[in-house]
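For reference, the structure is listed below as C-alpha cells.
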Amino acid sequence: MSYLLGRRERRAALFANPPIPPNSQAGGPGGSYADVNLARTEASLQKVAVWSCVNLVATMAEVLPLQYFPRPRDPQPLPSWMADLAGDGHGLPDWDYQYVYSSMLRGNTVGLIGGMDRSRGTPTQIVLQHPDLVHVRPDEDGNPQWTINGKRVDTDKVWHRRVHPAPGMFMGLSPIALQATTISTGIAALQFGYQWFREGGHPSGILSADKELDQKSANTAKQRFMAAVHGRREPAVLGAGWKYQSIQIAPNESQFLETNNFTAAECCRIFGPGFAEIFGYETGGSLTYSNIEQRSLDLLTYAVDPWLVRLERSLNSLLPVGEVKFNRKALVRTDLLTRFKAHTLALQNQWETVNEVRDEEDQAPVEWGNAPTQAPPSPSKVQISPMGGD
C-alpha cells in the first residue's frame with residue numbers, strides 16, 4: 001500500500017527542481033523574455049494575479065466554518081472520519097485547501113482511496129495526489145486506466161472530481177494550459193522589468209568625446225571614469241572635449257506597468273467574474289469603509305461561491321445522510337449599526353433567538369436566551385396610565 005501515500009524519495013525527485021524557474025532563465029543566452037515555460041503549472045504562480053485568485057479561494061475554503069446537518073436546521077459536529085479526511089493529522093481545512101488549489105490550477109482533483117465504509121460504499125479516507133503524478137488514458141473498451149506516481153492503480157481506488165469538463169475527455173480542462181499565452185505575457189513582462197534593474201538592461205549614461213576613439217582608447221576612458229565615480233557620491237570632473245549624459249527611463253516604461261496591469265486583470269478573469277474588480281485590477285480603486293461590505297458580497301457571489309459549492313457537493317457525496325455547508329455569513333462583514341439593526345429585525349420577527357444572536361457576536365449564552373423573543377405590542381394596543389389628576 002506504499003503507493004497510497006507516495007514514497008518520500010519519489011516526491012523529492014518530483015520537486016528536486018524548483019517549480020518556479022528563476023527569472024534569469026528568461027532573456028538569457030539562447031532564450032528570450034517570451035520563453036516562459038508553463039509545462040509545470042506552478043510556474044504560473046509567478047504571476048501575482050494567478051496566485052492571489054487561487055490562494056484567496058483556497059484560503060476561504062480552509063478558514064470558513066463548515067457545518068454538518070444530518071437533518072435540516074440541526075447542526076452537529078462533523079463525523080470523526082471527515083474531520084481528518086486525508087488521515088494525515090492536518091485536518092479537513094488543509095484537505096479543503098488542497099482540493100481547491102488543484103481544481104483551480106488544473107481543473108482536476110485526484111485522490112487515492114485509503115479507507116471505505118463497506119455498508120454505504122463511500123470513501124472515509126482520501127489522500128489527494130499532486131496532479132503532475134496522475135495520468136489517465138482509455139483502455140480498449142474506453143474505460144479509464146490510471147497511473148499515479150508511476151504505478152498502475154485500479155479504478156476503484158481512484159477518487160476524481162473535475163471542473164470544466166469536455167465531452168469525450170476523462171480529465172477536466174486546465175485553465176492554465178488554455179490561457180498560457182496571457183499568463184506567459186504577464187510573466188515575461190515581469191521578468192523583463194526585473195532584469196532591467198538587476199542586470200542593467202540599459203546603459204545608465206553615455207560618455208562621449210569630440211574626437212574619434214578606437215576600441216582601446218574607449219575602454220581606457222570607460223575604466224578611468226568608472227574608477228572615479230563607482231561607489232562614490234562625489235562629482236565627476238571631465239576634461240575638455242568630454243561630455244557625460246545620463247539616460248532616464250520612465251518607471252512605467254521600464255516596468256511595463258500597463259502590460260502588467262492588463263495581464264493581471266485578464267489572469268483574474270480566468271478563474272471567474274469578480275476577481276479583477278475585487279483585487280482592484282479593473283478599476284484601480286482600493287477598499288474603503290463605504291464599499292467594503294459590497295466587496296464582500298461580490299467576493300462571495302461572483303468569485304468564491306461557485307468553488308465552495310463544488311467542494312460542498314464533493315463532500316456531500318461522501319456522507320450517508322445529511323449535508324455539509326459553509327457558513328457564508330462569516331464572510332460578509334457589515335458595520336456595527338447595520339448588523340445590530342439586522343439582529344433587531346430577526347429577534348422581533350422570531351427568526352433568531354437571543355442566544356443565536358449572541359453567538360454570532362461572540363458573546364456567551366444566557367439562561368433565558370433560547371426561546372424566541374415575544375414581539376412587542378403594537379402602538380394602538382398600548383395602554384397609557386394617567387400620571388395623576390382627575
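The values are calculated or read from the model by the stated rules, or taken from the named source; none is laboratory data. On a predicted model such as this, the values are computed, not experimentally measured, just so you know. Glycine gets a Cβ as well: all are built from the backbone with ideal geometry, and neighbour counts include every protein chain shown. In case anyone asks, the SASA skips ligands and DNA or RNA and just uses the protein heavy atoms, side chains included. Shrake-Rupley method; radii C 1.70, N 1.55, O 1.52, S 1.80 Å.
Structural remarks
- Highest mean packing comes first when the peptides 143-152, 182-191, 318-327 are listed by Cβ atoms within 10 Å, giving 182-191, 318-327, 143-152.
- Rounded to the nearest 10 square angstrom, R269 shows an accessible area of 110 square angstrom against a 1.4 Å probe.
- Normalised by the number of residues in segment 28-140, the mean separation of alpha-carbon contacts (under 8 Å, six or more apart) gives a relative contact order of 20 percent.
- Protection proxy ranking of 86-96, 64-74 - average other beta-carbon atoms within 10 Å, highest first: 86-96, 64-74
- Bridging of K243 to lysines at a Cα separation below 18 Å is possible for K211, K222, once same-chain residues fewer than 8 apart are set aside.
- Cβ-placed point charges (K, R +1; D, E -1), dipole of segment 301-373 about Cα centre in debye, nearest 20: 320 debye
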